[in-house]
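Shown next, in C-alpha cells, is the structure this report addresses.
The values are calculated or read from the model by the stated rules, or taken from the named source; none is laboratory data. From a predicted model like this one, the values you see are computed outputs, not experimental measurements. Don't worry about glycine lacking a Cβ; one is built from the backbone with ideal geometry, like all the others, and counts go over all protein chains shown.
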Amino acid sequence: MSLLPASEVAAIAEKVSDLTTRTHLQEWYGMDKRKQTQDELKAIVDKGDMDELKNRLCKRLAFGTAGLRGNMGAGFNRMNDVVVLQTSQGLCTYVLKSLGDMAKERGVVIGLDGRHNSQRYAHVTAAVFLSKGFKVYLYLKTVATPMVAYATKARHASCGVMVTASHNPKIDNGYKVYGDNGAQIIPPVDEHISECIMANLNQWEGVDQLLDANTGLLKDTSKIVDLYDESVGSYMTEIPKDLARKPEATAKSNLKIVYTAMHGVGYPFVSQIVEKFGFKNLIVVPQQRDPDPEFSTVSFPNPEEKGALDLAMALADKEGSPMVIANDPDADRFAAAEKTKDGKWHIFHGDELGILFGAYQFQAFKEKGLPASSMLFICSAVSSRMLKKLAETEGCRFEDTMTGFKWMANKSMEVRNKEQFEHLLAYEEALGYQLSEKVADKDGVSASGVWVEMACELYAQGKTVHDKLDELRKKYGYFVTNNAYFLCYDPPTFKAIFDEFRNNGQYKWQLGKFKVTAIRDVTVGYDSTKPDKKCTFPLTATSQMVTLTFENGATLTARTSGTEPKLKWYSEMSSSDPAKARVELQEVVDAVIKDIFQPEKYGLKKP
C-alpha cells in the first residue's frame, strides 16, 4: 500500500483532456494507496471511458441519514478506503464539535459484516478515531448490525459505525452511523457531518502509521477494545429479560424451525438467542450459515426477493418442519414462512409479521398487568394501518412516522422521555422490527427469539401462525395491500415524475375513475388535511414521498428509496370483502401508474 509515483500519475493524467476530471484524478492518486483501486482507475483511463471516469471522480458518494451505501471501487463516487477515511474524518470532527473532548472518553463503537472489504473499512475508521485520541470499541469478528446499535446505546458512546450494505448486492458496501443515543442519525445531523467531511478531505497525520501497508488493517489491535464477548454476552442477558416470557414452555415444544442466515452474520446470534428463549429445535441451512461475500446460493441476499428462501423451505420439507425463519445478511431484518394446510409455503409479508408481533406483545404485556393506555406502538407511514386499528381498539398509544427506523426509534425515545410509556413495537413493512427499547433500531435477532416463542405457544394450542393471523383479521379487519416498485437508474427522473404530478401546486385530484380526497406531500411540506396545509412530518426535500387518500378508502404512498434505484409504492384498503378489495386496489394502483408514474414516458423498468 503506497502512493503511485508522481511520474506515473502524470502519465495517466495526460490522457484525460477534461481539466476538472484531470484535477480530481490527481487528487485521487494523491490519496489512494491501494493497488487494486489504483489499477482499476488506470484501466478506465486506458479504455478511454471518460463518462465513467467523470462519474467516479467528479461526483461524491452522498452522505445522508443512512450514512453511505454504494458500489465498491475506485473514485470519490464509490465505496473504498479513501472515501471511508474522509467520511470518518468528517464524523470524528462533527462528534468533537458536538460533544467536546468528553467524546474521546465515551468512545466510538465500530462493527463489520462479512462483505468484501468490510474489515478494511472498519479498521480505517478505527485508525481515524485513534489518531485523535478516541477510545475505540472495535468488533474484531463479524457482527450483526443490532449489536452495534445495542452497544452504542448501552455504553453511551459518542457514536457508532457499522460497515455493512445490509441486503444489497455483493458489489455494494456501506457505512451506517448511529448517534450517541444509539439510533440512526436524523436531519440536520447528516448535513452537519457532510459539511465536516468536505472540510476534512485531506488525510490527517498519524492515520497511516496505525495501518499495515500490506493488509490495510490496524498494525496493533491492543490499542482498541474488542467488544465482541462482553457486548454479545450483555445482549444475550438483557434482551431475554425484556422479551422472553415462557422459556420453560418453549423448551417443551416439539416444533422444528429451519433458519437461514442468508450467507450473512446472523447465525451465531440467532442460535444463542433462541436458546435463551428456551428453544432447542433450530435447524440451520448449512450452505447459507456462514458469512460469504459472494452470496453464492442467492441472486439477491434479501429475504423479500423471490427464491431467497427456496433452500430453507426445501430443507424444512426434508426435515418435516412447517416453518422457516430468516435474516438478511447483517441480521437487522427478519422474515418467516409457514407451510399452510394445503401443503404450500406462504412467505409472510412485512405487515403480516408486524401485526403478529404487535398482537403478541400486547398479549404479553397485558399478562404482566400493564395497562393498555401505557403501551406504545409505532410504525412508518408506508406500513399497514392494521397496527393502528389494534392500538385504537385496545386503547394503546399509536405513533406514525416517516419511513425508516431513524424516525421510529427517535420517536419512541421522544415519547418515553416525556411520558411513562412502555415500548412494545416499532415496525416497518420492509421486514424491520424493534421489540425492545434497548436496541434503538430494527433487530432481526430479538425478533427471531420472540417469533419462536410465539410459534411454540400457538402450536402447543393446536393452532398455526396463519390461524392466529385469521383471528386478528376477524377482530381488527382485513387490510389488503399492494406494494411493489419500478427501477430507474437516473435519479433526476424521479424528481421529474413527482414534479409533473405537483404541477406547481395544482395536484391531480382525479386519477382514472378514482377521486383523490387528500394529499400529503412530505417533500414540499404540504398536507391538504391540515388547516394551514402544512405537513407535520419533517421536510424531505432531497427525496420524494407523497401519500394519496382516495374516496373509496384506499391509500397509496409513493416514495423513492434512499439506498436503491427504486420508485416504490405502498397501497392499502380495509374491507370486509378482501377479494373485492384486492381487485379495486389493483385498479387504483393501475390508475396511479398510468397517470403519475408513466413508465413508458420516463423509462421505468419492472424488476
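If Lys153 meets every condition in (1) more than 22 Å from the chain's Cα centre (by Cα); (2) of a type in the set (D, E, K, R); (3) more than 14 Å from Val225 (Cα to Cα) apart from one, which number is that one?
It is condition (1) that Lys153 fails.
Take the residues in the stretch 60-95 that are at pLDDT below 95 and farther than 16 Å from Asp172 by Cα, then tell me which one is surrounded by the most Cβ atoms within 10 Å (Cβ to Cβ).
Thr65
Can you tell me which condition Thr536 does not meet? The list is (1) in a loop (DSSP other than H, G, I, E, B); (2) touching a residue at least 24 places away in the same chain (Cβ under 8 Å), and all the others hold.
Of everything listed in (1) in a loop (DSSP other than H, G, I, E, B); (2) touching a residue at least 24 places away in the same chain (Cβ under 8 Å), Thr536 misses just condition (2).
Listed here are the residues, each with its yes/no results for (1) small (Gly, Ala, Ser); (2) in the same structural domain as Trp451 (by TED's automatic domain parsing); (3) out of contact with any Phe, Trp or Tyr (no Cβ under 9 Å at 6 or more places or on another chain).
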{"position": "Glu238", "(1), (2), (3)": "no, yes, no"}
{"position": "Leu255", "(1), (2), (3)": "no, yes, no"}
{"position": "Ser271", "(1), (2), (3)": "yes, yes, no"}
{"position": "Glu275", "(1), (2), (3)": "no, yes, yes"}
{"position": "Ile283", "(1), (2), (3)": "no, yes, no"}
{"position": "Phe295", "(1), (2), (3)": "no, yes, yes"}
{"position": "Lys318", "(1), (2), (3)": "no, yes, yes"}
{"position": "Pro322", "(1), (2), (3)": "no, yes, no"}
{"position": "Asp332", "(1), (2), (3)": "no, yes, no"}
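Considering each residue of the stretch 322-340, count those that are under 21 Å from the mean Cα position of the chain (by Cα), within 20 Å of Asp470 (Cβ to Cβ) and among the β-branched types (Val, Ile, Thr), and give that number.
Number satisfying all stated conditions: 0.
Somewhere in the stretch 556-570, is a residue touching a strand residue (DSSP E or B) at 6+ places or on another chain (Cβ under 9 Å), farther than 30 Å from Gly67 by Cα, among the small types (Gly, Ala, Ser) and in the same structural domain as Ile519 (by TED's automatic domain parsing)?
no
Give the number of residues within the stretch 386-424 that are of a type in the set (Lys, Arg) and crowded, with 22+ Cβ neighbours inside 10 Å.
Final tally of qualifying residues: 1.
How many of the residues making up the stretch 490-508 are under 26 Å from Glu305 (Cα atoms), out of contact with any strand residue (DSSP E or B) (no Cβ under 9 Å at 6 or more places or on another chain) and either modelled with pLDDT of 95 or more or of a type in the set (Phe, Trp, Tyr) (or both)?
Count: 0.
Please verify whether Tyr137 is under 16 Å from Ala440 (Cβ atoms), buried (at least 24 other Cβ atoms within 10 Å of the Cβ) and either in contact (Cβ under 8 Å) with a residue 12 or more places away in the chain or of a type outside the set (A, V, I, L, M, F, W, C) (or both), treating the condition exactly as stated.
Here the answer is no, as Tyr137 does not meet what is asked.
For the stretch 442-519, give me every one of the helices (runs of 4 or more DSSP H) that falls completely inside it and has 3 or more residues that are surrounded by fewer than 20 Cβ atoms within 10 Å (Cβ to Cβ) and within 27 Å of the chain's Cα centre (by Cα).
The helices (runs of 4 or more DSSP H) meeting that bar are 491-502.
Which count do you get for residues in the stretch 190-207 that are exposed (fewer than 15 other Cβ atoms within 10 Å of the Cβ) and either more than 27 Å from the chain's Cα centre (by Cα) or touching a residue at least 24 places away in the same chain (Cβ under 8 Å) (or both)?
5
Please find, among Ser222, Ser296, Ser271, the residue that is free of Cβ contacts under 8 Å to residues at least 24 places away in the same chain, surrounded by fewer than 15 Cβ atoms within 10 Å (Cβ to Cβ) and either closer than 17 Å to Phe334 by Cα or among the hydroxyl-bearing types (Ser, Thr, Tyr) (or both).
After ruling out the rest, the residue left standing is Ser222.
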